[in-house]
1. For segment 75-82, state whether one or more residues are over 13 Å from Ile104 (Cα atoms), surrounded by 14 or more Cβ atoms within 10 Å (Cβ to Cβ) and in contact with a strand residue (DSSP E or B) (Cβ under 7 Å, 6 or more places away or on another chain).
2. Those residues that are among the hydrophobic types (A, V, I, L, M, F, W, C), surrounded by 13 or more Cβ atoms within 10 Å (Cβ to Cβ) and over 11 Å from Leu30 (Cα atoms), I need them from segment 85-109; list them, please.
3. Does segment 67-88 include one or more residues that are at pLDDT 95 or above, in a strand (DSSP E or B) and not basic (Lys, Arg)?
4. Across segment 4-60, which residue is farthest from Gly105 (Cα to Cα) among those that are among the hydroxyl-bearing types (Ser, Thr, Tyr) and not in a loop (DSSP other than H, G, I, E, B)?
5. Quick check on Tyr43: is it hydroxyl-bearing (Ser, Thr, Tyr) and either buried (at least 19 other Cβ atoms within 10 Å of the Cβ) or closer than 16 Å to Ala112 by Cβ (or both)?
Amino acid sequence: MPEKFASVDEYIAAFPTDVQTVLRKVRRTLHDAVPDATDRISYRMPAVTVSGKPLLYFAGWQKHISLYPIPETDDALAQELAPYKSGKGTLKFPLARPVPYDLIGRVAALFAAQR
């Protein structure tokens, strides 16, 4: 993979076709949850931004898709996120299992509301 990407489309295109499909759907899910968002490359990965400021980052890896950071949640949502939590502020969604796009959308909407 290149060190730098000029656009989110270029970033996604650098992955195998099956991962591209997942990354595109994650991107669409984030934008559906936060309609006024735009995106750009920041820290060498896609960032969904609101008013020019990064809200969430998403990234493709060999065996998972990651989403960063995690917003403050209530106990019920925290329990739903627990199987995907990895380290402080990171969610990892294994590519070997169905990706919970609805959960990703709820995280994005919550984080946007908190901002």
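1. Within segment 75-82 (the criterion being over 13 Å from Ile104 (Cα atoms), surrounded by 14 or more Cβ atoms within 10 Å (Cβ to Cβ) and in contact with a strand residue (DSSP E or B) (Cβ under 7 Å, 6 or more places away or on another chain)), the answer is no, since none of the residues qualifies.
2. Taking segment 85-109 as the starting set, the residues that turn out to be among the hydrophobic types (A, V, I, L, M, F, W, C) are 91, 93, 95-96, 99, 103-104, 107-109.
Subsequent filtering for residues that are surrounded by 13 or more Cβ atoms within 10 Å (Cβ to Cβ) retains 91, 93, 95, 99, 103-104, 107-109.
Selection gives Leu91, Phe93, Leu95, Val99.
3. yes
4. Step one: list which residues in segment 4-60 are among the hydroxyl-bearing types (Ser, Thr, Tyr), which gives 7, 11, 17, 21, 29, 38, 42-43, 49, 51, 57.
Going one step further and asking which of them are not in a loop (DSSP other than H, G, I, E, B), we end up with 11, 17, 21, 29, 38, 42, 49, 57.
Working: Tyr11: 21, Thr17: 23, Thr21: 17, Thr29: 6, Thr38: 15, Ser42: 20, Thr49: 15, Tyr57: 13 Å.
Selected residue: Thr17.
5. no
The values are calculated or read from the model by the stated rules, or taken from the named source; none is laboratory data. Note that this is a predicted model, so its numbers are computed, not measured. Glycine gets a Cβ as well: all are built from the backbone with ideal geometry, and neighbour counts include every protein chain shown.
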